[in-house]
Amino acid sequence: MKAILETGEKQQIIIDSFRFDCGARLENLELCYETWGSYRGDNAILITHALTGTSHVAAGNGRPGWWQNLVGPGCVFDTERYFIICANVIGGCSGSSGPASLNPITGKPYGTSFPVITIRDMVRAARHLLDELGVSRLRSVAGGSMGAMQAMEWAALYPEIVDSIVIMAAPGRAYPQSIAYRKTQRQAIMLDPAWNNGNYYESGPPLDGIELARQMGFITYRSEKHFAERFGRQFADKDFFDLHARFEIEAYLQHHGRKLGTWFDANTYLYLSKAMDLFDLGLGCSSFAEGVRRIKAPACVIGFDSDLLFPLYQQKEIADLLAPYNPRVSFHEVKTEFGHDAFLLETEQLSNIVGDFLNQNDI
């Protein structure tokens, strides 16, 4: 059993040999993770992150956490009550092995020679982490967006160890509209000459490409109402009659695009967004419904009425398929102007819903 640190400090395990769903096998893969709280044998909760998330889900070591309003002392995922685990996914760029990692055979970054990954690969890699930590059961697995895809896969793949799941803003399989959004984002990166077929680690990253990809993605993360109320038709630049003059919304998108480009690996963006496209709980089953019904644990399913990326009906579909076979499934429609990003921003509503779910199921 690996020694457990409880302060949100980055740690790593090494997976001696890992076989991907695509058939490739790599040796000595690194998986980065962080933990908060004290482990008492029956209080572990796994938090799974979204596309550009990291293992740093809660505040610690002087840094904010991406879900710090839900994970921490006194929060709904209370680090004084639960032992919280969060791992950077395989294929990531925040400590876990991914395209930017060195290939021990060539001594150079893998780039696009890194195997194409799936949501199931992420989950199977994280199962190695639980074994290393000596965690045999999970009181819950919780996440939003790509994190919710992982939570569903955990419950379907390992029903014997998952006691409940909390899923927000994600479908049980990727639908064409969201695949189309992500395709255009990947194309923005790949058409940047600096991308160089993924071999840019010596020459410099495709900053224009990832900036544009992030801008395109961000448009799907918020609602029209949110943008209208926040920005209206305000100008960021004084000269209206210039092709480069920007409205405030344009300046905002540029800011977030450049911000991501300063730290997030472009190839990881390609790999993780492709994994979301490939996600389908029905894969290998006779039907999608059969795949969903592998989930036996209590499930708290949350959707947002203004979600453009993964519309509300896609979460309701999961709950409707589970309800006749699993009486411990609850579906919650959250009304919000924040769109898809509400899983990060609607702290009060989510705390109430998730808190009730955890208490009702004595979790």
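Observations, loosely collected:
- Cross-chain or 6+ apart pairs with Cβ under 9 Å, segment 93-104 first and over 19 Å from Leu51 (Cβ atoms), then surrounded by fewer than 19 Cβ atoms within 10 Å (Cβ to Cβ) and among the charged types (D, E, K, R): Leu102/Lys108; Pro104/Glu27
- Looking only at segment 206-245, residues that are under 30 Å from Asn196 (Cα atoms) and either assigned by TED's automatic domain parsing to the domain that holds Phe343 or more than 30 Å from the chain's Cα centre (by Cα) (or both) come to 2 in all.
- Annotation: Tyr110 fulfils all but one of (1) under 20 Å from the mean Cα position of the chain (by Cα); (2) within 30 Å of Asn196 (Cα to Cα); the unmet one is (1).
- Segment 265-281 residues that are part of a helix (DSSP H, G or I), paired with ones that are among the basic types (Lys, Arg) and at pLDDT 95 or above (beta carbon under 7 Å, 6 or more apart): Leu270/Arg186; Ser273/Arg182; Ser273/Arg186; Met276/Arg182; Asp277/Arg182
- Pair list, Cβ < 7 Å and 6+ apart or interchain, from segment 196-209 residues that are of a type in the set (Asp, Glu) to residues that are crowded, with 17+ Cβ neighbours inside 10 Å: Asp208/Asp192
- Annotation note: of Ala148, Ala58, Ala142, the sole residue that is in a strand (DSSP E or B) and not hydroxyl-bearing (Ser, Thr, Tyr) is Ala142.
- Answer residue from segment 165-221, given it is assigned to a loop (DSSP other than H, G, I, E, B) and touching a Ser or Thr at 6+ places or on another chain (Cβ under 7 Å) and is surrounded by the fewest Cβ atoms within 10 Å (Cβ to Cβ) among those: Ala169
- On inspection, Leu312 qualifies as under 16 Å from Gly172 (Cα atoms) and either surrounded by 15 or more Cβ atoms within 10 Å (Cβ to Cβ) or among the hydrophobic types (A, V, I, L, M, F, W, C) (or both).
The values are calculated or read from the model by the stated rules, or taken from the named source; none is laboratory data. Only a predicted model underlies this, so the values are computations on that prediction, with no experimental measurement involved. Virtual Cβ from ideal backbone geometry, glycine too; neighbours counted across all protein chains shown.
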